[in-house]
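The block underneath contains the structure these notes are about, expressed in structure tokens.
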Amino acid sequence: MSAAKIKKGDSVVIRAGKDKGRTGTVLQVMPKDDKVVVGGINIATRHRKPSQQNPQGGLDRFEAPMHISNVAVADKDGKPTRVRFETKDGKKVRVAAKSGEAIDG
């Protein structure tokens, strides 16, 4: 298991799929499955039958998980960048490869 290059709360750019080019914020990271959930991105629809909990039934829309390789951390200019780790003041810090700036985690 490698260190987390993408964390909850990061601003990310979608690099592949139907939402390619859009940006969003990471809501959840699933490291065991190598998946992330991004707010407002990769919306899936489920047709729900009426049940006791939901007597109306209808369409259920939600953010589906997507593979972590399809997202990249957004740099300060909003463009995708890779992430590397550096040691600053004895602490391991995530750094944007393009600009060299530390990413606020």
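Observations on the model:
- Filter result for ARG84 (under 23 Å from GLU101 (Cβ atoms) and of a type in the set (D, E, K, R)): yes
- Members of segment 61-89 that are surrounded by 17 or more Cβ atoms within 10 Å (Cβ to Cβ) and polar (S, T, N, Q): ASN70, THR81
- Segment 65-105, subset within 17 Å of LYS8 (Cβ to Cβ) and in a loop (DSSP other than H, G, I, E, B), residue modelled with the lowest pLDDT: GLY105
- Evaluation of SER51 against (1) more than 13 Å from the chain's Cα centre (by Cα); (2) in a strand (DSSP E or B) (one fails), failing number: (2)
The values are calculated or read from the model by the stated rules, or taken from the named source; none is laboratory data. Since the structure is predicted, the reported quantities are computational estimates derived from the model, not experimental observations. Virtual Cβ from ideal backbone geometry, glycine too; neighbours counted across all protein chains shown.
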